[in-house]
Amino acid sequence: MTLDSRSFGEAIRKRRKALGYTQTYISQFSGLSVSFISDLENGKSTVELGKAIRYANLLGLDVVVTPRG
């Protein structure tokens, strides 16, 4: 499966909702802005990678890069 910004954002949103968290709740305890969280979850490709990885980790997700083939 090839990962792009849209599918990454969808996975993040799905996990957040499964945990029962709102974007505002995540923003309040993480220091990430609601606009950043929204942009990430909507697949905006210009979000900061470090913040995106941090957000995924906050939700209990690992981001793994593996060689193809």
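Remarks
- Selection within the range 39-68 - of a type in the set (Ser, Thr, Tyr) and over 16 Å from Asp4 (Cα atoms): Tyr55
- The residues listed here are Ser33, Ser38, Ser5; of these, the one that is over 19 Å from Val65 (Cβ atoms) and under 11 Å from the mean Cα position of the chain (by Cα) is Ser38.
A short reminder: the numbers here are calculations on the coordinates, not readings from a lab. This is a predicted model, so every value here is computed, not measured. Glycine gets a Cβ as well: all are built from the backbone with ideal geometry, and neighbour counts include every protein chain shown.
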